[in-house]
Every structure is written in C-alpha cells, then in structure tokens.
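These notes are about the structure you will find just below.
The values are calculated or read from the model by the stated rules, or taken from the named source; none is laboratory data. Note that this is a predicted model, so its numbers are computed, not measured. Please note: Cβ atoms are built from the backbone with ideal geometry, for glycine as well, and neighbour counts cover all protein chains shown. Surface areas here come from the heavy atoms of the whole protein model, side chains and all, with no ligands, DNA or RNA. Shrake-Rupley method; radii C 1.70, N 1.55, O 1.52, S 1.80 Å.
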Amino acid sequence: MIQPNAPKQPTAEELGAALTGKQLALAEAYLETFSPAVAGRMAKYENRSNATRALKHKKVQAYLSARMADRCMPANEVLARLSSYARVTGDLLTKEEEYEVPVFEARPLREKIDALQARVGALNNIDPGLLKNRIEATQAEIAELEVQLALEPGATYQKQVGTETRTRIIPSLEAAAENGVLFAVDGLEYTQHGLKWKRVDSVKALELIGKHHKLFTEKVEHSGTVDAIIGIDFIMPGGDS
C-alpha cells in the first residue's frame, strides 16, 4: 500500500537529466540494441568493458529501469490482448464462396465412338490436308475405343451433362476486416497463388490465460526402478539437528 506521504518517484525524464551526455547516449543506445558492446560503440566508449561498467552505474540503472517501465505493457493489457486473440473463432476469418463443378453420367461407349466418327467426317469436309494430324489422332482414339467395346460390349463412359453450384469456406481478409479481427491475421505474403496468410493461434492464447488463472495442473509421472539410500536427520526437542 502506498503511504500518503511517500516521496514521489522521479520520472524517466528527470533521471535522464541527471546523467552526463555520454551516459545518456549510452543508455539510449542500449535501449535500442540491448548489447553493451554495440551501445558502447554507438556512444563512442573506448571499449566494451568501459561501456559495461558505465551501464552498471546506479544513475544509469535507475534511468534504464524507468524507461523500461514506460515501455512495458501493463498486466491487465496483456490479459486483454490475449483474451482478444482467444475469442477469435474461425467463422470471423472466413466466408462462403460459390463454385461450379461438372456433373457426369454414364453413357454407352458406342455413343462416344459415333460422336468421334462424326468429328472425323466434319474435319475431312473442312480440309483433310491441313487437319491431317487431328484427323489421325481422332481415328487412333476411335480404334482404341473399338477394341475396348469389342472386349466389353456393355462398356460405358462418363459424359458431362451439366454443372452444379456448391459452396466452400475460404479464408477472407474482407471478412476479418468486417468482423473487426484483422489483428488476428499474421504472416501476410503475396505468392504466385495469390495472398497467403495465417491466423494467430487462439488455442495458445487460451493456454496462457488458463495458466494465469491456474486452471491446469501439471502432473509428472516417474517410471522405472531407482535404488537409493535416503538419510533422515531428526531434530530432537530441545537439542540441535
């Protein structure tokens, strides 16, 4: 509990004003890099030892602590952000999309052979010389189907007779924006297949919140045989151990 007459803690600005220019430059460089060696070079210290020693100075440490306290996120804000991630469900990041798929039905193989023979006749009527390769390829296909039909008189083939509309669930940045959960989108990347991204792990956020509330009990199981001699010291009433 803070006492009413407790002295007011100095601010980071006040603590910084108490440093020399070189100490302040070193502290600021350290806050950027968290490396005594790099910070020392940036602040023009002769060597790492001098920079490390300067960073341990009481006034410098007080300034660094105050600056880090300003930077740190309060515990309630950490929990609030984790809760936001944990509440993001898949339906907030996806949308329904319609797409067409072909519909097939089994038809007699003779029907396909007749259609191919009609195509050969049409190609011959157009220009047999110019379309020679296509005509020969179609005739070769007819020959293969005739063999198949001879071996299996009741043979059929799959003929497309139309299409049907289906729906699927796809990730959607538009849906995320509309639902106000763009903060849960991570790793945006444009690839040859379009925009690629992933969502923040909401299960991990739930685990961290659960640990904070001590909802989980970790149990350690031991197996195997251990041979040991255990010594026990007794403390006698009125005596020493």
remark   = By residue number, the members of the stretch 53-66 that are open to solvent by 70 Å² or more (accessible area, probe 1.4 Å) and either in a loop (DSSP other than H, G, I, E, B) or under 19 Å from Thr11 (Cβ atoms) (or both) are Lys56, His57, Lys58, Lys59, Gln61, Ser65
task = Evaluate the stretch 165-176: report whether one residue or more is in a strand (DSSP E or B), under 30 Å from Ala115 (Cα atoms) and either charged (D, E, K, R) or touching a residue at least 40 places away in the same chain (Cβ under 8 Å) (or both).
result = yes
query = Scanning the stretch 3-26 for residues that are surrounded by 14 or more Cβ atoms within 10 Å (Cβ to Cβ) and out of contact with any Leu (no Cβ under 8 Å at 6 or more places or on another chain), which turns out nearest to Arg71 (Cα to Cα)?
reply = Ala12
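Among the candidates Arg199, Arg110, single out the residue that is within 30 Å of Val78 (Cβ to Cβ), touching a Leu at 6+ places or on another chain (Cβ under 7 Å) and not hydroxyl-bearing (Ser, Thr, Tyr).
Working: Arg110 fails: within 30 Å of Val78 (Cβ to Cβ).
From the options Arg199, Arg110, the qualifying one is Arg199.
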query = Taking the stretch 111-163 as the search range and keeping residues that are assigned to a helix (DSSP H, G or I) and of a type in the set (Val, Ile, Thr), which one is most open to solvent (accessible area, probe 1.4 Å)?
reply = Ile126
note = Output for Cβ contacts, cut-off 7 Å, separation at least six or different chains, first residue farther than 27 Å from Val103 by Cβ and without any contact (Cβ under 8 Å) to a residue 24 or more places away in the chain in the stretch 137-164, second hydrophobic (A, V, I, L, M, F, W, C) and open to solvent by less than 80 Å² (accessible area, probe 1.4 Å), reads Gln139/Val120
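Restricting to the stretch 91-110, and then to whatever is in a helix (DSSP H, G or I) and in contact (Cβ under 8 Å) with a residue 24 or more places away in the chain, can you tell me which residue is surrounded by the most Cβ atoms within 10 Å (Cβ to Cβ)? If you could, list the steps in order and put the result at the bottom.
First, pick out the residues of the stretch 91-110 that are in a helix (DSSP H, G or I): 91-92, 109-110.
When the remaining residues are screened for being in contact (Cβ under 8 Å) with a residue 24 or more places away in the chain, the result is 92, 109-110.
Values: Leu92: 16, Leu109: 18, Arg110: 15.
Checked the stretch 91-110; the qualifying residue surrounded by the most Cβ atoms within 10 Å (Cβ to Cβ) is Leu109.
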remark   = Residue hits (the stretch 141-195; closer than 24 Å to Glu105 by Cβ and under 22 Å from the mean Cα position of the chain (by Cα)) are Arg168
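Within the stretch 33-52, does at least one residue satisfy the condition of being surrounded by 10 or more Cβ atoms within 10 Å (Cβ to Cβ) and within 30 Å of Leu208 (Cα to Cα)? Please lay out each step first, then the result.
Start the filter on the stretch 33-52 by keeping residues that are surrounded by 10 or more Cβ atoms within 10 Å (Cβ to Cβ), which leaves 33, 35-45, 47-52.
Narrowing further to those that are within 30 Å of Leu208 (Cα to Cα): 33, 35.
Yes, because at least one residue in the stretch 33-52 is surrounded by 10 or more Cβ atoms within 10 Å (Cβ to Cβ) and within 30 Å of Leu208 (Cα to Cα).
Listed here are the residues, each with its yes/no results for (1) open to solvent by 90 Å² or more (accessible area, probe 1.4 Å); (2) out of contact with any helix residue (DSSP H, G or I) (no Cβ under 8 Å at 6 or more places or on another chain); (3) on the phi < 0 side of the Ramachandran plot.
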site	(1), (2), (3)
Thr165	no, yes, yes
Leu173	no, no, yes
Asp186	no, yes, yes
His193	yes, yes, yes
ask   = Only one of (1) open to solvent by 50 Å² or more (accessible area, probe 1.4 Å); (2) of a type in the set (Gly, Ala, Ser); (3) under 36 Å from the mean Cα position of the chain (by Cα); (4) over 30 Å from Leu208 (Cα atoms) is not met by Ala29, so which one is it?
value = (1)
